Amino acid sequence: MWYVFRLLFIVPVIGIIAVVIYADLYVFFRNRRGKPGVPRALAEFILIGWVCMFVYVTQIMSFGGISAGPNFVPFGDFVTAFRYGSNNAHLVWQFLLNIIMMVPLGLLIPIVFPKKMRGFTGVTAVAFCASLATEVLQIFTGRGSDIDDLIANTLGGVCGFALWAILYTAANYALKRPSMRFARQAVIGLIILCLTAAPFIAVSIADGSSEFGN
């Protein structure tokens, strides 16, 4: 996971690029949409920064080694982890990082696009299309393509929206403005988060008793 720490050095550069892009977009759309509120403006800026970071990580950043080529077999590393321990299936935890990487997208989209993107379907579609485009492009750039990355990225976007639904519903109930629609989404979101965490917990438990594990 050493490459996670490498991102700390690129954050200031990404921040400067995001400021320039946001300033240009703000001027361009100023007369069309009016002045956004502070929370939405901050969410827009963070989303632009996230997009820049996502492009850097998936298309520019070097991870070392040689690409093994496309992988079209889903969850192969989870099977290996259950059989032989997680030390023999290092990509299991990379799967988790790919989920976490896309969480900001699902969390920010309903804030930036409040009228069009406040449902699981829309956010899932955006996360899936963004990940699919990335994986297809990686086939041609020689960085390798993995169906597990596609699944993890899409799931990360859904988890991000699940977090937003839970927080949004909690805030509305705190302000005495309950909404059954978002209450249902919050329950679904909680279920999704639990189901997402379950395989990693199961792998950790199975690893302790694996003959070929730690």
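The values are calculated or read from the model by the stated rules, or taken from the named source; none is laboratory data. From a predicted model like this one, the values you see are computed outputs, not experimental measurements. No Cβ is skipped: glycine too gets one built from the backbone with ideal geometry, and neighbour counts run over all protein chains shown. Remember, those area values only see protein heavy atoms, side chains included, never the ligands or the DNA or RNA. Shrake-Rupley method; radii C 1.70, N 1.55, O 1.52, S 1.80 Å.
Looking across I166, I139, I191, one residue alone is farther than 18 Å from L47 by Cα, assigned to a helix (DSSP H, G or I), more than 13 Å from the chain's Cα centre (by Cα) and touching a residue at least 60 places away in the same chain (Cβ under 8 Å). It is I139. Among the residues making up region 137-158, those that are within 25 Å of T196 (Cα to Cα), open to solvent by 10 Å² or more (accessible area, probe 1.4 Å) and among the hydrophobic types (A, V, I, L, M, F, W, C) are I147, L150, I151, L155, V158. Name the single residue, out of those in region 84-96 being surrounded by fewer than 17 Cβ atoms within 10 Å (Cβ to Cβ) and touching a residue at least 24 places away in the same chain (Cβ under 8 Å), that is nearest to the chain's Cα centre (by Cα). Among those that are surrounded by fewer than 17 Cβ atoms within 10 Å (Cβ to Cβ) and touching a residue at least 24 places away in the same chain (Cβ under 8 Å), it is W93.
Taking the stated definitions as given, is P178 at pLDDT 85 or above, out of contact with any Pro (no Cβ under 9 Å at 6 or more places or on another chain) and not β-branched (V, I, T)? Spelling it out, it is not the case that P178 is at pLDDT 85 or above, out of contact with any Pro (no Cβ under 9 Å at 6 or more places or on another chain) and not β-branched (V, I, T).
Residues that are open to solvent by 30 Å² or more (accessible area, probe 1.4 Å), in contact with a helix residue (DSSP H, G or I) (Cβ under 7 Å, 6 or more places away or on another chain) and polar (S, T, N, Q) within region 44-63 comprise just one, Q59.
What pairs come out if I take residues in region 26-46 that are under 14 Å from F113 (Cα atoms) and pair them with residues that are open to solvent by 90 Å² or more (accessible area, probe 1.4 Å) and not in a helix (DSSP H, G or I) whose C-beta lies under 9 Å away, six or more apart or interchain? Short answer, once both residue conditions are applied: A41/K35.
When region 105-135 is filtered for residues that are under 22 Å from L190 (Cβ atoms), among the aromatic types (F, W, Y) and either modelled with pLDDT under 90 or touching a His at 6+ places or on another chain (Cβ under 6 Å) (or both), only F120 remains.
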